[in-house]
Amino acid sequence: MRAVPAPKVWVTGLTVGAVAAVVVLAVQADKGTKPSVALTSRPSVSASPSPSARPEPAPTAVPDASGTGRRIVYSLGEKRVWLVDASDAARRSFAVWPGTVDPAPGTYSVSLRRGEPRTGSDGVRIEHIVYFTMVNGVNVAFSNAVDGSSPPPAGGAQTGGIRMKTADGSALWTFGETGTKVVVVN
């Protein structure tokens, strides 16, 4: 019998340990128990672009009263949007910053899209503008700021822009073709 060199034994030991840990966690998950993990080391320095940036919480389920089929769902209370496919599965969900004018709960459809950057009613350069209704002469639309910033407070102006992060604006732009159903819920 041939002796196994020391580095292979070390790697094999780590592999066996990792497999054992995965099996233990799988068994605990199957039994419905939560594994407990104790962190003994201090957190390391973050490599994120903003040290104060926090990960967004896991998306909540698509609201029950939002209909069926392919649609954009906008929750006024949660300040959140879901992009829902034809099988009623949420393909993406994200937080938004609403303007000062809210649409009434109901079903609308994307009526107009403007991809090129322009200046919003609040003076911010925006893109990926997806219009779906008008409230008292104010257009209500999804968009994102060209520079990726969140909008400043409107300062008394009536704005119907529902802003989102740049990546979310791109996703909504791709998903929200003219005629796509938009469901607004409380």
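The values are calculated or read from the model by the stated rules, or taken from the named source; none is laboratory data. All figures in this text were calculated on a predicted structure; none of them were measured in a lab. Neighbour counts run over all protein chains shown; Cβ positions are idealised from the backbone, glycine included. Side chains included, ligands, DNA and RNA excluded: accessible areas come from the protein's heavy atoms. Shrake-Rupley method; radii C 1.70, N 1.55, O 1.52, S 1.80 Å.
Every condition in (1) of a type in the set (Gly, Ala, Ser); (2) open to solvent by 30 Å² or more (accessible area, probe 1.4 Å); (3) assigned to a loop (DSSP other than H, G, I, E, B) holds for Ala65 except the one numbered (3). Among the residues of the stretch 112-131, those identified as out of contact with any Gly (no Cβ under 8 Å at 6 or more places or on another chain) and within 14 Å of Leu172 (Cα to Cα) are Leu112, Arg114, Gly115, Tyr131. If you go through the stretch 158-170 one residue at a time, do you hit one that is of a type in the set (Lys, Arg), crowded, with 17+ Cβ neighbours inside 10 Å, touching a residue at least 60 places away in the same chain (Cβ under 8 Å) and under 18 Å from Val62 (Cβ atoms)? No, every residue in the stretch 158-170 fails to be of a type in the set (Lys, Arg), crowded, with 17+ Cβ neighbours inside 10 Å, touching a residue at least 60 places away in the same chain (Cβ under 8 Å) and under 18 Å from Val62 (Cβ atoms). Evaluated against (1) open to solvent by 50 Å² or more (accessible area, probe 1.4 Å); (2) modelled with pLDDT of 95 or more, Glu116 falls short on exactly one condition, (2). The set of residues in the stretch 103-123 being of a type in the set (D, E, K, R) and either farther than 19 Å from Val184 by Cβ or without any contact (Cβ under 8 Å) to a residue 40 or more places away in the chain (or both) consists of Arg114, Glu116, Arg118, Asp122. In the list Ser66, Ser75, Ser87, which residue meets the criterion of being out of contact with any Lys or Arg (no Cβ under 7 Å at 6 or more places or on another chain), of a type in the set (Ser, Thr, Tyr) and without any contact (Cβ under 8 Å) to a residue 12 or more places away in the chain? Among Ser66, Ser75, Ser87, only Ser87 is out of contact with any Lys or Arg (no Cβ under 7 Å at 6 or more places or on another chain), of a type in the set (Ser, Thr, Tyr) and without any contact (Cβ under 8 Å) to a residue 12 or more places away in the chain.
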